[in-house]
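**Student:** One structure, pasted below without further comment.
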Amino acid sequence: MPFGPTAYFGLTNTVMRHDVKDQDIGTVSEANPHLVLENFTTPLGKRTANILKHLFPSPKDGKSKRVITFANDSDYIAMRHHTYEMPRGASSCALTEVGPRFEMKLYQIKLGTIDADDADVEWSLRPFMRSSKKKRL
């Protein structure tokens, strides 16, 4: 998106690709990934999902074995990168994590590009906003 919007995220719990345990990952395919966007139901969530899905081109054919998952849980977006394998005659698939993995927290969306100093702020995180405490299970 050459004219914006620009989303700013904070990253936590980062595990790099080669630090993924118990995996012999080898090389990663350069095929365009399938995207899974989970639990983006609010208007801000739909806007964020729209920004995230436009970062990756859609797969041209259905033969891509890469899957990138963005799962929203209490305003933290977990990102996971997998490949899958469908054994012949099986009704389920085997996922292999190829990394990296991290959690993102959105803190600002601007309507312009990153180098536009006078861009309007569409949304900004205000941590001291009045709201009821969320119960976590």
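**Student:** With θ taken as phi - 60° and the coefficients 6.51, -1.76 and 1.60, list the Karplus ³J(HN,Hα) couplings across the range 75-90 in order, rounded to whole Hz; mark glycine and proline as x.
**Tutor:** 6, 9, 9, 8, 10, 10, 10, 10, 10, 10, 9, 9, x, 5, x, 8
**Student:** I'd like the FRET efficiency for Met86 and Glu30, computed as 1/(1 + (r/R0)^6) with the beta carbon distance as r and R0 of 30 Å, rounded to 0.05.
**Tutor:** 0.90
**Student:** Same structure, new question: For the range 40-137, which trypsin sites (Lys or Arg not before Pro) are in a loop by DSSP, counting at most 13 other Cβ atoms within 10 Å?
**Tutor:** The qualifying sites are Lys60, Lys63, Arg88, Arg130, Lys133, Lys134, Lys135, Arg136.
**Student:** Follow-up. So how strong a dipole does the range 6-124 carry about its Cα centre when Lys and Arg Cβ are +1 and Asp and Glu Cβ are -1, to the nearest 20 debye?
**Tutor:** Numbers: 14 positive and 16 negative charges, 105 e Å.
Computed charge dipole of the range 6-124: roughly 500 debye.
**Student:** Among all stretches of the chain without exposed chymotrypsin sites (Phe, Trp or Tyr not before Pro) (DSSP loop, at most 10 other Cβ atoms within 10 Å), which one is longest?
**Tutor:** On the way: sites that count: Phe3, Phe128.
The segment 4-127 is the longest one with no such site.
**Student:** Still on this model: At what distance in nm do the modelled label points of Asp61 and Phe128 sit from each other, each positioned 7 Å from its Cα along Cα→Cβ?
**Tutor:** Distance between the two pseudo-spin positions: 5.8 nm.
**Student:** Provide the per-residue ³J(HN,Hα) series for the range 46-63, in order, calculated from phi with Karplus coefficients 6.51, -1.76, 1.60 and θ = phi - 60°, each as a whole number of Hz, with x at glycine and proline positions.
**Tutor:** So the Karplus estimates, Gly and Pro as x, are 5, 5, 5, 4, 5, 5, 5, 6, 7, 6, 10, x, 6, x, 6, 10, x, 8 Hz.
**Student:** For Asn32, what charge total do you get from the other residues with a beta carbon under 13 Å from its beta carbon, if Lys and Arg give +1 and Asp and Glu give -1?
**Tutor:** Residues close to Asn32 contribute a combined charge of +3.
**Student:** So what are the chain's ellipsoid semi-axes, whole angstrom, largest first, if each one is the square root of 5 times an eigenvalue of the alpha-carbon gyration tensor?
**Tutor:** Largest first, the chain gives 31, 19, 15 Å.
**Student:** Where the only charges are on Cβ atoms (+1 Lys, Arg; -1 Asp, Glu), what is the dipole of the range 1-73 about its Cα centre, to the nearest 20 debye?
**Tutor:** Its charge dipole is roughly 300 debye.
Since every read-out is calculated from the coordinates, none of them should be taken as a lab result. Since this is a predicted model, take the numbers as computed values, not measurements. When we count neighbours, we look across all protein chains shown, and the Cβ atoms used for this are built from the backbone with ideal geometry, even at glycine.
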